[in-house]
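Attaching a single structure in structure tokens format; questions to follow.
The values are calculated or read from the model by the stated rules, or taken from the named source; none is laboratory data. Here the structure is a predicted model, which is why all the values come from computation and not from measurement.
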Amino acid sequence: MKKTLLWISLIVVVALSACSGSNSSSPSLVGDWKLVSYNSTPALPDVDTSITFDANRVGGTVGCNSFGGDYKVDGGQIVFGEVVSTMMACDDPRMQQEAAVFAVFVDTAIFKMDGDTLTITSADSQYYVVLAKK
């Protein structure tokens, strides 16, 4: 009886360790973020940007149009579903900023968190954005 109880206890400890380890491998993106820069270009001054990651949805605005879509975190990657946006026209600087951000929010991207800073890089490493926690 003692041997069976010991084995059951050991199995429970191993299972709990595996579960807690999987939660800590992917940092949470959930929260409100603002655009700091894109592709080494500072975000436009005096333009309100807001990107919100919920449990499985991302949305907001980076200067002109509202956008939204699904995402999931897989280790150090973000897998974006289709991201859709409104289709308003704005001045060229805002449209360029928006296009650069949308180029990152496609298919699979790589992310890195450093404190309150989140960097998201396109899978081909051609585009990236830096966000700061609001």
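Can you tell me which residues in segment 100-116 are over 11 Å from the mean Cα position of the chain (by Cα) and part of a strand (DSSP E or B)? Show your work before the answer.
The first filter runs over segment 100-116 and keeps only residues over 11 Å from the mean Cα position of the chain (by Cα), leaving 100-103, 106-107, 114-116.
Across segment 100-116, the qualifying residue is only ASP114.
Hey, another quick one. Check segment 29-43 and report whether any residue there is farther than 18 Å from LEU131 by Cα, among the polar types (S, T, N, Q) and at pLDDT 95 or above.
No; the residues of segment 29-43 include none that is farther than 18 Å from LEU131 by Cα, among the polar types (S, T, N, Q) and at pLDDT 95 or above.
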